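Below is one structure, written out as structure tokens; comments come after it.
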Amino acid sequence: MMGRTIFIDPGRCIGCQACVSACRECDSHRGKSMIHLDYPDEGHSVASLPTVCMHCEDPVAPCAEVCPADAILVTADGVVQQADTTRCIGCANCVNACPFGVPKIDLQAKLQMKCNLCYDRTAYGLAPMCATVCPTGALFYGTLDELRAERPGVEVADSFTFGSTTISTGVAMVVPADRVQWPVPGGLPIVEVNGVDVR
């Protein structure tokens, strides 16, 4: 896990879309949001889940590994960048390789789009746009120590299994302390909303 990173706390998400709107305002995204708000049980539950790039560390970014144009770079501090627009050929290999379903293809521009942890901000010590506007703290930017100081007893997961493959990520997911399984199976968070299990 990176030193300062995003911690996703799905139990706090109220689906307000503030993160989506803030991401759209970022200069480097040209009016498109790089964060997705997913509804895991739409129609049966109000549960929502912000989905950002998990910035895979081990194995290193499957999306970057399969890019035939070397368009997706990983910074020295572990941030998996959005595809370089001068190199991306819009093949969608990255979309198919990402176990978290994060990269999207802009079909008109024929370019890959994804969260880059607001690198234009975080490289200078500022929080990503999504975390600065989240009213409930479902998206927390900081260190694990800062998170635990604010939320004593919190547990986080940064390893997720997909079949026989375990992926360690730079971004972490807050999980209920009494329900922790390591690594989190299937890459899906263990989500509880108002005491109701919505897995």
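Rule-based calculations on the coordinates, nothing more; no lab input. What you see is a predicted model, and the numbers here were worked out from it, not measured in a lab. When we count neighbours, we look across all protein chains shown, and the Cβ atoms used for this are built from the backbone with ideal geometry, even at glycine.
Dipole orientation for the chain: of the candidates ALA97, GLN17, PHE162, GLN17 has the Cα lying most toward the positive pole (charges on Cβ; Lys, Arg +1; Asp, Glu -1).
Dividing the mean sequence gap of close Cα pairs (under 8 Å, 6+ apart) by how many residues the chain holds gives a relative contact order of 28 percent. Using unit Cβ charges (K, R positive; D, E negative) and no other charged atoms, how large, in debye to the nearest 20, is the dipole of the chain about its Cα centre? So the magnitude is around 440 debye.
Is the shape of the stretch 4-125 best called rounded, prolate or oblate, per the rule: a/c under 1.5 gives rounded, else a/b larger than b/c gives prolate, else oblate, with a ≥ b ≥ c the square roots of the Cα gyration tensor eigenvalues? Taking the square roots of the gyration eigenvalues as a ≥ b ≥ c, the stretch 4-125 is prolate.
Determine the gain in length on full extension of the stretch ASP77-ARG148; use 0.36 nm per residue of separation and subtract their C-alpha separation, reporting nm with one decimal. Write down the numbers at each step before the final one.
Numbers: separation 71, 0.36 × 71 = 25.56 nm, distance 2.23 nm.
So the extension gain works out to 23.3 nm.
Normalised by the number of residues in the stretch 1-112, the mean separation of alpha-carbon contacts (under 8 Å, six or more apart) gives a relative contact order of 17 percent. Modelled spin-label separation between SER45 and VAL60, with each label point placed 7 Å from Cα along the Cα-to-Cβ direction: 3.7 nm. By the helix-only formula, in which each DSSP H run with n ≥ 4 contributes -39500 (n - 2.57) and the sum is divided by residues, the chain has a 222 nm mean residue ellipticity of -3500 deg cm²/dmol.
On the basis of the beta-carbon distance and an R0 of 22 Å, THR132 and ARG30 show a calculated FRET efficiency of 0.65. Think of it this way: in the chain, CYS13, CYS16, CYS23, CYS26, CYS56, CYS67, CYS88, CYS91, CYS98, CYS118, CYS134 stand alone, with no other Cys Cβ under 4.7 Å.
Report the relative contact order of the stretch 47-152, percent, no decimals, based on alpha-carbon pairs under 8 angstrom and at least 6 residues apart. Could you put the intermediate results ahead of the total?
Working: 133 pairs, mean separation 21.3, N = 106.
Result for the stretch 47-152 is 20 percent.
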